[in-house]
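Worksheet for the structure shown next.
The values are calculated or read from the model by the stated rules, or taken from the named source; none is laboratory data. As the structure is a prediction and not an experimental result, all values here were calculated from the model. As a convention, Cβ positions derive from the backbone with ideal geometry for all residues, glycine included, and neighbour counts pool all protein chains shown. Note: accessible area is taken over every heavy atom of the protein model, side chains too, but ligands, DNA and RNA are not part of it. Shrake-Rupley method; radii C 1.70, N 1.55, O 1.52, S 1.80 Å.
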Amino acid sequence: MIRTILINAQGQISSGGAELIDAWLAQPESRIWVDSQQADAEQERDILQTFGCHPLAIKDALRDRHPPKLEEFSDHIFILYRGIAGFDAGLNYTGQSLSFFVGERFLLTRHPQAAQSIDRLLADNGGIYLQRSPAQLALKIMHTSAGIYLDNILAFEERLGELEDELSEAGSDEHMRELMNYKSRLVKLRRTFNYHKNITDELRTGEYAFFPDDENMRHVINDLHDRFERLHSLTQMFYDLCGDLVDGYISITSHQLNSTMRVLTVITAIFVPLSFLAGLYGMNFEYIPELKFQDGYFILLGFMGFLAVGLLWLFRRMRWL
């Protein structure tokens, strides 16, 4: 699916499909945004070649997986961004490669699945940002995407608080599995945001032709950089919190196990001497000195009872019980 927004020299905004590319070619003062979603690979390649995109950048854009990056060519800048196909407060997200080709008069975006940030701007305000410059529109798409990331990560904080209460009341292995899943997702998100921070760090240098080093552009880039920096720090903080919850649960479990083992140790310590005495006088030898003693059974039983009570008193005094 090819979707386009065209702004002619008079500032009129038109929306349509691939047919607007010919109108853009015929109007030297016009600007265009071409978005390609789930389009045929050959059609995508032809469109990118029409705009003079570099073959290596086209190759990277059409790959299924590639780390985010920023490259500058003679007449355009290529940005590979990690976009969102789906994301929720449980950190269940579907990422995708979102390619930007930013020129003086055009912005080309390419993604294999629906992208929430692009859909929002195509439906509203996309033409306004394109009228300012294709670079500002590309930054706005990334800013909108970062906002979606941020909203869901902040919503995840509420779930993390609930999980902490559940662990303190009645933790289980199910909670541990959930926490480990969160840690894995947070590591992936943190790596993605670090890539994005590197991209905005590069843009902040002001060395890229289509991102001019003026006050307005610096403000937009700095705002985007701050948002990615916040996302990176939040994912790191929540990763550490998940680790603390795991460590806390293991500590509680170990303490409970120690208490259980202490009780079992006390029981064992009481019954070992009793078992010894029972075994000693249960041997089948004919000549046992106390065997013929009239009150021997009751004396031994009383001594065993006294021994058990004495050990219980000793363990309570030692605060083992």
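Tell me the net charge near Asp223. Cut-off is 12 Å between Cβ atoms, Asp223 excluded, with +1 for each Lys or Arg and -1 for each Asp or Glu. Walk me through the numbers before you get to the answer.
Numbers: positive: Lys140, Arg204, Arg218, Arg227, Arg230; negative: Asp226, Glu229.
Net charge in that neighbourhood comes out at +3.
Give me the 1.4 Å probe accessible area per residue for the chain, excluding ligands and nucleic acids, in Å². Walk me through the intermediate numbers first.
Numbers: 17670 Å² over 321 residues.
Per-residue accessible area for the chain comes out at 55 Å².
Along the Cα-to-C-beta direction of Ser254, a point sits 7 Å from the Cα; which residues of the range 170-204 have their amide N less than 19 Å from that point?
171-173, 176-177, 180
Which semi-axis lengths, in whole Å and largest first, follow from the square roots of five times the eigenvalues of the Cα gyration tensor of the chain?
On the way: eigenvalues 1141, 65, 44 Å².
Result for the chain: semi-axes of 76, 18, 15 Å.
I'd like the carbon and sulfur percentage of the solvent accessible area for the range 150-262, probe radius 1.4 Å, heavy atoms only, ligands and nucleic acids excluded.
Reported share for carbon and sulfur atoms: 46 percent.
HN-Hα J couplings of the range 9-23 from phi, Karplus 6.51/-1.76/1.60, θ = phi - 60°, integer Hz, Gly and Pro as x?
5, 8, x, 6, 9, 10, 10, x, x, 5, 5, 6, 5, 5, 5
Heavy atoms only, probe 1.4 Å: what % of the accessible area of the range 18-110 goes to carbon and sulfur, would you let me know?
In the range 18-110, the share of accessible area belonging to carbon and sulfur is 45 percent.
Can you give the accessible area of Thr4, probe radius 1.4 Å, in Å² rounded to 10?
Answer for Thr4: close to 0 Å² accessible.
Working only with C-alpha atoms, what are the Rg and Dmax values of the range 205-278, expressed in angstrom?
30.1, 94
Run the count for the chain, please: Lys pairs, Cα-Cα under 19 angstrom, 8 or more apart or on different chains. Please report the intermediate quantities before stating the final value.
Numbers: Lys59/Lys69; Lys69/Lys140; Lys69/Lys188; Lys69/Lys197; Lys140/Lys197; Lys188/Lys197.
Taking the chain as the scope, the lysine pair count is 6.
Could you give the Stokes-Einstein D for the range 67-138 in µm² per second, using the C-alpha Kirkwood radius, 10 °C, 1.306 mPa s?
In µm²/s, the coefficient is 121.
Over all directions, how big on average is the projection of the convex hull of the alpha-carbon atoms in the range 118-179, in square nanometres?
Average projection, Cα convex hull of the range 118-179: 5.5 nm².
In the full protein assembly as shown, how much of Lys188 is accessible to a 1.4 Å probe, in Å² to the nearest 10?
So the heavy atoms of Lys188 present about 100 Å² to solvent.
For the range 1-53 and the range 93-168, what is the separation of their C-alpha centers, rounded to whole Å?
21 Å
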